[in-house]
Structure formats: structure tokens, C-alpha cells
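So the structure is just underneath, and the comments pick up after that.
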Amino acid sequence: MKTLYDVQQLLKQFGIYVYVGKRLWDIEVMALELDHLHDAQVVDQKTYLHAKMVLTREHRLEEARESNKTN
């Protein structure tokens, strides 16, 4: 799992489609949904950690993009 698309495909396997309208918010909702799947023991630890790392990276990148737009 390397990209945000990969995480979206993982969530899609469980019928979870996320579109809030703002990329940063989408990433945050995906992280919440992933946490719920992990808490329910539907997603194994390795998959969970890989997906969390992707979401964390994408969140940081998106925050940097938004910060650059305002400066």
C-alpha cells in the first residue's frame, strides 16, 4: 500500500466511500473509518499500519499545499 488510492480501494472493499469535498477532510474521514475497521478487527495490524502511514503522509502533504496557497 503506497498511495491514497490504495487506501481508498481498501475502504471500498468494506463498502466505505469517502467524499467530503475537500481533500484534507477526505483524508481525515478515511483515517477515522480505518480506525473503526481496525477496532472491529476486520483489518489486520500490518495493513492498518501501512494505510495509516499513507494517510499521515498525504495529510502532511495536503496541509503543506494549503499553507503554500495562503502565503
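Since every read-out is calculated from the coordinates, none of them should be taken as a lab result. Here the structure is a predicted model, which means the values were calculated and not measured. Here Cβ is always computed from backbone atoms with ideal geometry, including for glycine, and neighbour counts include all displayed protein chains.
For the reader, a short list of remarks on this structure follows.
- Two-decimal Rg to Rh for segment 4-70 - Kirkwood Rh, Cα set: 1.00
- Pairs of Lys residues in segment 4-70 are counted when their Cα atoms are under 23 angstrom apart and they lie 8 or more places apart or on different chains; the count is 5.
- When only Cα pairs below 8 angstrom with a gap of at least 6 residues are kept, the chain shows a relative contact order of 39 percent.
- Over the chain, dividing the summed -39,500 (n - 2.57) contributions of all DSSP H runs of at least 4 residues by the number of residues returns a 222 nm mean residue ellipticity of -24500 deg cm²/dmol.
- Those trypsin sites (Lys or Arg not before Pro) in the chain that DSSP places in a loop and that have at most 16 other beta carbons within 10 Å: K2, K22
- Annotation: the residues M1, M53, sorted from fewest to most other C-beta atoms within 10 Å of their own C-beta, follow the order M53, M1.
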